[in-house]
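Please treat every number below as a calculation from the coordinates, not as lab data. Just so it is clear, the structure is predicted and the values come from calculations on it, not from any experiment. Using ideal geometry, Cβ is built from the backbone for each residue, glycine included, and neighbour counts are taken over all protein chains shown.
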Amino acid sequence: MKESTDIVIETMEILAEQIKATTEAVSQNEIYDMLTTLLTAKESGNTVFVAGAGRSGLMGRAFAMRLMHMGFKTYVVGDTVTPAVQKGDVLVAISGSGNTKSIVEIGSKCKTIGATVIAITSKDGSDLKKLPAINVILPAKSKDDNSGGPVKTPMGTSFEILALVFLDSVIMQLIDLTGVTEDEMKARHANTE
């Protein structure tokens, strides 16, 4: 049985190494721009929209939930109760490849409306990166990468985990900057579960 757990431990170590490498690679200027944009949206009463497809979308949902807990007006693109995007709003678009057609199209439309687009992707030369004013590159293997070697983290797992850790870390910085308390966040947590 011990041999059957080796891959679990090895994968956790690989992911931890990737997280560490990303902390050294991600641009602090991009992080600062993202934080400033999100805080400005909150202070001005604008909405933060979050978009992502598949597992990237699930990471985005987790981010939107925490923003809501902090008192941000936030919605996930595609939900039935999501309102129209307005000039001055913010879109956080998450795509490992940066070329997911639906996410690029959403980003393009939001940009045309006058929203600020924040792209979270792993590719510097992606279609999504061409749209927004703020680009956060999390260098990791996306689902479109095919190294041909043995699978260590399949498809976009590396990017998705990095996106979750990064976005939760952004939340921690926002908590520090706004002074919101955990009790205030808990008060906004769903009570119909």
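Some notes on this structure:
- Stretching Arg188 away from Thr82 to a fully extended chain increases their span by 36.3 nm, per 0.36 nm per residue minus the current alpha-carbon distance.
- When you count the other C-beta atoms within 10 angstrom of each residue and take the mean per peptide, 22-30, 53-61 line up highest first as 53-61, 22-30.
- Cα shape, region 59-123, gyration tensor, a/c 1.5 rule: oblate
- Label zone at Ser44, where the point sits 7 Å out along the Cα-to-Cβ direction: region 63-86 residues whose backbone N lies under 15 Å: 73, 85-86
- Rounded to the nearest 0.05, the FRET efficiency derived from the C-beta distance between Lys111 and Ile31 at R0 = 25 Å is 0.75.
- Highest-fluctuation residue, Leu15, Leu138, Leu67 considered, GNM on the chain with Cα pairs under 10 Å: Leu15
- Between 0 and 90°, nearest 10: helix 6-25 axis offset from the chain longest Cα axis: 50 degrees
- Computed from the C-beta positions of Lys130 and Gln173, the FRET efficiency with R₀ = 30 Å rounds to 0.65.
- Computed over every Cα-Cα pair of the chain and binned at 10 Å starting from 0, the pair-distance distribution P(r) comes out as 9, 36, 34, 16, 4, 0 percent.
- For the pair Ala62 and Lys101 in one chain, pulling the backbone fully straight at 0.36 nm per residue adds 11.8 nm over the alpha carbon distance.
- Here the relative contact order of region 78-139, from alpha carbon pairs under 8 Å that lie six or more residues apart, stands at 33 percent.
- Val76 long-range amide H proximity, modeled H, under 5 Å: Val50
- One Cα centroid belongs to region 56-76, the other to region 91-134; the line between them spans 17 Å.
- Student exercise, the chain dipole from Lys, Arg, Asp, Glu Cβ charges, in Debye to nearest 20: 660 debye
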